[in-house]
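Let me begin by presenting the structure, written as C-alpha cells, before commenting on it.
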C-alpha cells in the first residue's frame with residue numbers, strides 16, 4: 001500500500017490525549033496525554049498512543065491483546081492553554097481544565113464533565129484531590145492557577161488490532177495520566 005505524506009493538520013503543533021474505553025459501558029481503560037503544544041500533532045499522537053495501554057491506574061489489570069477488540073479509541077487534540085481570570089470562568093461541557101498550584105498540576109478533559117455531570121466546583125474539587133493530592137477546596141487559594149483549553153475530539157472508534165501491538169511497551173517520556 002502506498003504511503004501518503006502527512007497533511008499540514010498533523011504537522012501543526014498540538015497537545016493530545018489518547019483514551020481507551022470499553023465498548024460496553026464506556027469504562028475507562030487508559031488515558032495518556034501531553035498538554036504541551038510544542039511538538040507536531042503526529043509526533044505527540046505517536047508518543048502517547050502506546051502509553052494509553054499502559055495507564056498506571058490500571059497496572060493491576062493491564063490491557064491484554066485479547067481485550068483490544070472490545071475497546072474503542074478516542075483522540076483529543078488540545079489547543080493552547082489559556083489562563084482564566086477567575087477559577088470558575090470555564091464552560092465544563094466545552095473546556096478542558098488545567099490546574100496548577102503548590103508545584104503540582106492536573107488536567108481534566110471536557111469529557112469528564114460530560115460523563116459525570118459534575119459542576120465547576122465539583123470538577124475543581126475532584127481535580128485538586130485526585131490529581132494534585134491536595135484538599136478539595138485548595139483550588140480557591142490565591143496561588144492556584146486555572147487554565148482552559150479547547151479540544152477537538154476524534155472518535156471514539158473501534159480499536160483496530162495490529163498483530164505487532166504489545167501493551168507492555170514502556171510508556172513514552174513526557175506523558176501524563178488523566179481521568
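The values are calculated or read from the model by the stated rules, or taken from the named source; none is laboratory data. This structure is a prediction, so every number in the text was calculated from the model and none was measured. Glycine also receives a Cβ, built like all others from the backbone with ideal geometry; neighbour counts cover every protein chain displayed.
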For residue 61, work out the one condition from (1) surrounded by 15 or more Cβ atoms within 10 Å (Cβ to Cβ); (2) in a loop (DSSP other than H, G, I, E, B) it doesn't fulfil.
-> (1)
Which condition does residue 87 not pass, out of (1) touching a strand residue (DSSP E or B) at 6+ places or on another chain (Cβ under 6 Å); (2) not in a loop (DSSP other than H, G, I, E, B), if it passes all the others?
-> (2)
Tally, over the range 21-40, of residues that are farther than 30 Å from residue 8 by Cα and in a strand (DSSP E or B) | 3
Find the residue count for the range 29-58, including only residues that are touching a helix residue (DSSP H, G or I) at 6+ places or on another chain (Cβ under 9 Å), surrounded by 19 or more Cβ atoms within 10 Å (Cβ to Cβ) and at pLDDT below 85.
-> 4
Which one is farthest from the chain's Cα centre (by Cα) among residues in the range 25-43 that are free of Cβ contacts under 8 Å to residues at least 60 places away in the same chain and within 18 Å of residue 111 (Cβ to Cβ)?
-> 25
Those residues of the range 99-124 which are crowded, with 21+ Cβ neighbours inside 10 Å and either without any contact (Cβ under 8 Å) to a residue 60 or more places away in the chain or in a strand (DSSP E or B) (or both), in sequence order = 99, 106, 107, 108, 110, 113, 123, 124
